[in-house]
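The values are calculated or read from the model by the stated rules, or taken from the named source; none is laboratory data. As the structure is a prediction and not an experimental result, all values here were calculated from the model. Here the Cβ is made from the backbone with ideal geometry for all residues, glycine too, and neighbour counts use every protein chain on show. When the accessible area is computed, the model is the full protein with side chains, heavy atoms only, and any ligands, DNA or RNA have been set aside. Shrake-Rupley method; radii C 1.70, N 1.55, O 1.52, S 1.80 Å.
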Amino acid sequence: MLYFAPWKVTVVVVTCVAGLLFAMPNFLSRDFLSGMPGWIPNRQINLGLDLQGGSHLLLEVETKAIVEERLEDLEARVRTSFRGKRIGYRGLGSIGSVLTVTIRDPSQMDLALDELAKINAPIGSQIMSTGGGREFEISVADGQTIIMGLTDSAIEHGQRSAVEQSIEIVRRRVDEVGTTEPTIQRQGVDRILVQLPGEHNPDRIKRLLGKTAKLVFRLLDESMSPIEAERARMPQGSEILPSDMEFDASGAATTYLVKKRVLVGGDSLVNAQPSTDQQTGRPVVTFRFDGVGAKRFADATKDNVGRRFAIVLDEKVVSAPVIREPILGGSGQISGSFTWQEATDLAIVLRAGALPAPLTILEERTVGPDLGADSVAQGKVAAVIGLVLVLVFMFASYGLFGLVANVALLSNLLIIGGALSLLQATLTLPGIAGIVLTIGMAVDANVLVFERIKEEVKSGKTVFSAVETGYKRALTTIIDANVTTFIAALILWVLGSGPVKGFAVTLGIGIATSMFTALMLSRLLVVIWLRRRRPTHLSL
């Protein structure tokens, strides 16, 4: 018992000193820390939304747009397939949630159905012979009209994929802003919860998340003006789109007649950065395509020199420059009446990628920093009261051994603070509750050891033998009790979300550190005391 391996002493000392060093920045101001050398630990604990305030947004993915986009894609595939096989048709278009087409020659109906069967792909990785595993269902009406509707499985798969993709893109956009420890998670079937601690101005975040950021490059239809197209018959394959940057004298957006055919899609972008136009000095966004996109862009500009093309973002024309010469480098710039902030935000959403469907803000809350400060203050009061009561109880019940347990408890709190700072974990109000709970649980192991030592002393054993036996026999009980609690904390962390995870993190760290301080630190202190004083009896 009197022998404590040197490596154990080293582990205890290093852990306690490291805990103190990493916890210390939390007691200092950020201004003071900024002036310290870089090699000194300077990370502070991240406070959650409920402690430092911030923005809370609940977003809904407009899954109806997914169905419309799937029908548009299906319409394009049907048109290409029928033209390739020279199948005469008319009336190809969507009505509600179905796509209809009429075959001119009834004798070609079987050929048309065969072609539709070929493009009716399995959903995801499913390869099933039943209609439920296919993308759409096919039926025939009046002997000539084919009706195609997306299957429930296809709609469900598309919606699920859209939500998962939206979560990832929202995460990229928020990370680009530099918000610390955001919470972004799925809620329900088609909703996304976004919590941004420390972000007290959610307007910029809403603008970033509200943009679908679907960027395409199309040619302008210069056969007539937009006004003439509105009055007369719209040219086939063209549509009128409003400008996002240009307005007339009345304040209405300028309109453009744009061809529907996409020359290059924004999915080929590999980078976008805010910059300054060297000629005008105004903010612009420079972009660069990947290899495939660069070739398409080069071919498109080479074949249309002298014509105007539209840069369309979310169905609005950002700019419509003239192609002066072929753009062969795979890069270009988007100019408009941008401020520097708008150019930066546009570059962010382009880099993060386009959302598969628009997002609607269902709920918006801003938690003020005053409320968070009150929560922190109340949490500190609760923690201090709990700590003082535990310290007094342990000292009154076990005397000198209680003092050892109290030193271990205070060291435990410092190590918890250091671990939270080192891991950059987010501390929430439930997390403070987990720390308060840890204060009470941290002395459990010492109580078990001390009570076991009492029993050994009463049985007539010597002081050294009683202490050694007490630690050995209590070890199994301590490990069982803490491991089961740690498993519960782990389950809460894996399955929980938001505040529940905050509670699980502090509880799990507290369990690990309390076992260390109870079985290593307090035991080392007791060994040092026994070696120096060599008592003949214990006052427990």
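Students often get this wrong, so try it: which of (i) 25.4, 85; (ii) 33.9, 110; (iii) 36.9, 118 is Rg and Dmax of the Cα atoms in Å as calculated from the structure shown?
Checking each listed value against the structure points to (ii).
Hey, what number do you get for the chain at 222 nm if only DSSP H runs of n ≥ 4 count, each worth -39500 (n - 2.57), divided across all residues, to the nearest 500? Please report the intermediate quantities before stating the final value.
Values: 17 runs with 272 residues, N = 540.
When only DSSP H runs of four or more count, the value is -16500 deg cm²/dmol.
Spelling out what I want: for every residue of the stretch 441-449, take phi, set θ = phi - 60°, compute 6.51 cos²θ - 1.76 cosθ + 1.60 (Karplus), and round to whole Hz; glycine and proline get x.
Using θ = phi - 60°, the values come out as 6, 5, 8, 4, 5, 5, 4, 4, 5 Hz.
Between Arg104 and Val270, take the C-beta separation as r, use R0 = 51 Å, and let me know the FRET efficiency to the nearest 0.05.
E between Arg104 and Val270, to the nearest 0.05, is 0.70.
Check Gln187: other-chain or 5+ apart residues with amide H under 5 Å from its amide H, H built from backbone geometry?
Close amide H contacts, sequence-distant or interchain: Ile192, Leu193.
List, largest first, the extents of the alpha carbons of the stretch 1-115 along their principal axes, each in whole Å.
Taking the Cα atoms of the stretch 1-115, the three principal extents are 98, 40, 28 Å.
Holding the Cα-Cα limit at 26 Å, pick out from Lys260/Lys295; Lys211/Lys302; Lys8/Lys472; Lys211/Lys501; Lys259/Lys302 the pairs that are longer than that.
As for pairs spanning more than 26 Å Cα to Cα, those are Lys211/Lys302; Lys211/Lys501.
Rolling a 1.4 Å sphere over the protein heavy atoms, what is the accessible area per residue of the stretch 213-264, to the nearest Å²?
60 Å²
Would you pull out the residues with amide H under 5 Å of Asp277's amide H, same chain only if 5 or more places away, H placed 1.01 Å from N?
Amide H to amide H, under 5 Å and 5 or more residues apart or across chains, Asp277 pairs with Arg282, Val284.
Tell me, what is the 1.4 Å probe accessible area of Met441, in Å² to the nearest 10?
Near enough 50 Å² of accessible area.
Probe 1.4 Å, all protein chains in place: accessible area of Tyr471 in Å², nearest 10?
10 Å²
Report the Rg/Rh value for the stretch 263-419, based on alpha-carbon coordinates and the Kirkwood definition of Rh.
1.41
I need to check one value: relative contact order of the stretch 308-420, counting alpha carbon pairs closer than 8 Å and at least 6 residues apart, in percent.
10 percent
Packing-wise, with mean Cβ within 10 Å as the measure, how do 110-119, 50-59 rank, highest first?
On the way: 110-119: 14.4, 50-59: 22.7.
Top of the packing list down: 50-59, 110-119.
Can you list the HN-Hα couplings for the stretch 283-299, worked out from phi with the Karplus curve (6.51, -1.76, 1.60; θ = phi - 60°), rounded to whole Hz and with x for Gly and Pro?
Couplings: x, 9, 10, 8, 9, 9, 8, 6, x, 5, x, 4, 5, 4, 5, 5, 5 Hz.
Ordered by residue, what ³J(HN,Hα) values in Hz, to whole numbers, does the stretch 395-404 give under the Karplus form 6.51 cos²θ - 1.76 cosθ + 1.60, where θ = phi - 60° and Gly and Pro are x?
Coupling constants for the stretch 395-404: 5, 5, 8, 10, x, 4, 5, x, 5, 4 Hz.
Given contacts defined as C-alpha pairs under 8 Å and at least six residues apart, what's the relative contact order of the chain, whole-number percent?
Once divided by the residue count of the chain, the mean separation gives 19 percent.
Once the Cβ-Cβ distance between Thr476 and His537 is put in as r, and R0 is 35 Å, what FRET efficiency do you end up with, to the nearest 0.05?
My answer for the efficiency is 0.80.
Amide H neighbours of Asp244 under 5 Å, counting only residues 5+ apart in sequence or on other chains, H built in-plane at 1.01 Å?
So Asp244 has HN proximity to Val317, Val318.
Let's test the formula: R0 of 25 Å, r as the Cβ-Cβ distance of Leu21 and Leu400. What FRET efficiency results, to the nearest 0.05?
Efficiency for this residue pair is about 0.30.
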